[in-house]
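A short write-up of the structure that comes next.
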Amino acid sequence: MLLAMMSTGMDQVTAFSAVAATLNNLGPGLGDVSSGFHNVTDAAKWIAVAGMLLGRLEIFTLLVLITPTFWRH
């Protein structure tokens, strides 16, 4: 997600803090996202939405659901 955020034009510190804030619900970010996500591009907002969903649903739970061994009897 960090690389995806950086590909939208964010610098490394802003992208890292945006990903950390969305995945972990840490609160404010650094750089351009310190005052909110209204300054970032639409693509970065969609990446942030995906990060928020992954953070709320717990990444390991999603990883378990997509492994074939989970679905075998």
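We did not get these values from a lab; they are worked out from the coordinates using the rules stated. Here the structure is a predicted model, which is why all the values come from computation and not from measurement. Cβ sites come from the backbone with ideal geometry, for glycine too, and all protein chains shown count toward neighbours.
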The chain: calculated mean residue ellipticity at 222 nm from DSSP helix runs of at least 4, using -39500 (n - 2.57): -18500 deg cm²/dmol
Angle check, please: helix 42-57 long axis (alpha carbons) against the longest principal axis of the chain (alpha carbons), in degrees 0 to 90, nearest 10. 40
For region 4-46, compute Rh as the Kirkwood radius over C-alpha pairs and then the Stokes-Einstein diffusion coefficient at 10 °C and 1.306 mPa s; write the answer in µm²/s, rounded to an integer. 159
What do you get for the angle between helix 12-24 and the principal long axis of the chain? Use alpha-carbon atoms, 0 to 90 degrees, nearest ten. 50
Scoring region 2-71 by relative contact order with C-alpha pairs under 8 Å, at least six apart, yields a percentage of 27
With a cut-off of 18 Å, note down the residues of region 50-73 whose backbone N falls inside the zone around a label point 7 Å from the Cα of L3 toward its beta carbon. 51
Rounded, prolate or oblate: which fits the chain, taking a ≥ b ≥ c as square roots of the Cα gyration tensor eigenvalues, rounded meaning a/c under 1.5, else prolate when a/b beats b/c? prolate
